[in-house]
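First comes the structure, then the notes that go with it.
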Amino acid sequence: GLPFEVTLLLPGLSDTTVQVVLEGDGWSLQQIALESGMPTLSRHRFIIPPGNSGEAILRVDSTEIANYTVVDVPRTFELPTFDVPVGVNFPNVGTLVGVSTETTFSPNEPPQITLIWQADATTKIAYTVFVQLITEDGRLLAQSDSQPLGGTRPTTGWVADEYLTDPHTLTWNVTDYTGKATLIAGFYDAANNFQRIPTADGTDHADLPLEISVE
């Protein structure tokens, strides 16, 4: 599910197109490259289907260019431990099963939040996870924005029913506030005007059932 990028130097023997193929055991990804009649650099970005391991071959038309070894990431299908259940589903992405964190934060220390996801499916878009600490009147106190597990487990690499333990370190935006606060979390598409992904209930975030105090 991680991007795999290659740059080819095409000799440009004629004005034509060539087929660039990355294939492994049971899967094949194809793209078209244009030759311009002169040597040309051609850049290609593949997303290897998650759950695959083994040897992969890069071809240009029928010519084998390179061989690679694909290693799938470790996965867990056993429910991890967590402090508080959440149970909010983002359809076709995953369910926020639970959360672990302290309930008292200090502006002198960045809040640490761990989300537990269970994947619904592999997505075509690599969604960003947001976690926000907000006041009762909606002021944004602290936040984290990153792809799951610091970008190492994008949703394009999730497989159905696996669990992911996703830690987040929030950055303070307001350091002079004390009082009650709440946590919310969710997904958005960073390439589409930061559009949030709706939950099964139609909201654009999950409310984390925690009573937070900032002292």
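The values are calculated or read from the model by the stated rules, or taken from the named source; none is laboratory data. Being a predicted model, the structure only gives us computed values, none of them experimental. Virtual Cβ from ideal backbone geometry, glycine too; neighbours counted across all protein chains shown.
Restricting the first residue to the stretch 19-47 and requiring it to be surrounded by fewer than 16 Cβ atoms within 10 Å (Cβ to Cβ), which pairs with a second residue that is in a strand (DSSP E or B) and of a type in the set (Phe, Trp, Tyr) meet a Cβ separation below 9 Å and a spacing of at least six or different chains?
Gln31/Phe46; Arg45/Phe4
Please identify the pairs in which a residue from the stretch 110-124 that is under 13 Å from Val84 (Cα atoms) has its Cβ atom under 6 Å from the Cβ atom of a residue that is outside any strand (DSSP E or B), counting only partners at least 6 apart or on another chain.
These pairs meet every condition: Ile116/Pro80; Ile116/Phe82.
Please go through the stretch 199-211 and pick out each residue that is surrounded by fewer than 20 Cβ atoms within 10 Å (Cβ to Cβ) and under 15 Å from Glu136 (Cα atoms).
The answer is Asp207, Pro209, Leu210, Glu211.
All but one of (1) of a type in the set (D, E, K, R); (2) surrounded by fewer than 16 Cβ atoms within 10 Å (Cβ to Cβ); (3) in contact (Cβ under 8 Å) with a residue 60 or more places away in the chain hold for Asp72; which doesn't?
(3)
Consider Glu55 carefully, then state whether it is among the acidic types (Asp, Glu), farther than 27 Å from Tyr163 by Cβ and touching a Gly at 6+ places or on another chain (Cβ under 7 Å).
yes
Being part of a loop (DSSP other than H, G, I, E, B) and either of a type in the set (A, V, I, L, M) or not assigned by TED's automatic domain parsing to the domain that holds Asn52 (or both): is that true of Ile125 here?
It is true that Ile125 is part of a loop (DSSP other than H, G, I, E, B) and either of a type in the set (A, V, I, L, M) or not assigned by TED's automatic domain parsing to the domain that holds Asn52 (or both).
Quick one: count up the residues across the stretch 179-215 that are closer than 20 Å to Pro110 by Cα and small (Gly, Ala, Ser).
The total comes to 5.
Can you tell me which of Arg139, Arg153 is exposed (fewer than 13 other Cβ atoms within 10 Å of the Cβ), out of contact with any Ser or Thr (no Cβ under 7 Å at 6 or more places or on another chain) and among the basic types (Lys, Arg)?
On inspection, the qualifying residue turns out to be Arg139.
Step by step: first the residues of the stretch 79-113, then only those that are within 23 Å of Val174 (Cβ to Cβ) and hydroxyl-bearing (Ser, Thr, Tyr), then the one that is surrounded by the most Cβ atoms within 10 Å (Cβ to Cβ). Which residue is that?
Residue satisfying both the conditions and the ranking: Thr101.
For the stretch 1-115, list the strands (runs of 3 or more DSSP E) that sit wholly inside it and hold at least 2 residues that are basic (Lys, Arg) and modelled with pLDDT under 95; which are they?
Where strands (runs of 3 or more DSSP E) fall fully within the stretch 1-115 and carry at least 2 residues being basic (Lys, Arg) and modelled with pLDDT under 95, they are 40-47.
Hey, any hits in the stretch 41-55 for a residue that's of a type in the set (Asp, Glu) and farther than 23 Å from Lys124 by Cβ?
Taking every residue of the stretch 41-55 in turn, at least one turns out to be of a type in the set (Asp, Glu) and farther than 23 Å from Lys124 by Cβ.
For the condition within 26 Å of Leu133 (Cα to Cα) and in contact with a Gly (Cβ under 8 Å, 6 or more places away or on another chain), what is the one hit in Val93, Val97?
Of Val93, Val97, the one residue that is within 26 Å of Leu133 (Cα to Cα) and in contact with a Gly (Cβ under 8 Å, 6 or more places away or on another chain) is Val97.
Okay, residues lined up against (1) assigned by TED's automatic domain parsing to the domain that holds Gly51; (2) of a type in the set (A, V, I, L, M); (3) under 16 Å from the mean Cα position of the chain (by Cα):
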| position | (1), (2), (3) |
| --- | --- |
| Pro148 | no, no, yes |
| Pro154 | no, no, yes |
| Ala160 | no, yes, yes |
| Pro167 | no, no, yes |
| Leu170 | no, yes, no |
| Phe187 | no, no, yes |
| Asn193 | no, no, no |
| Arg196 | no, no, yes |
| Gly202 | no, no, no |
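Among Ala160, Ala185, which is the only one that is touching a residue at least 40 places away in the same chain (Cβ under 8 Å), of a type outside the set (Ser, Thr, Tyr) and outside any loop (DSSP other than H, G, I, E, B)?
Ala185
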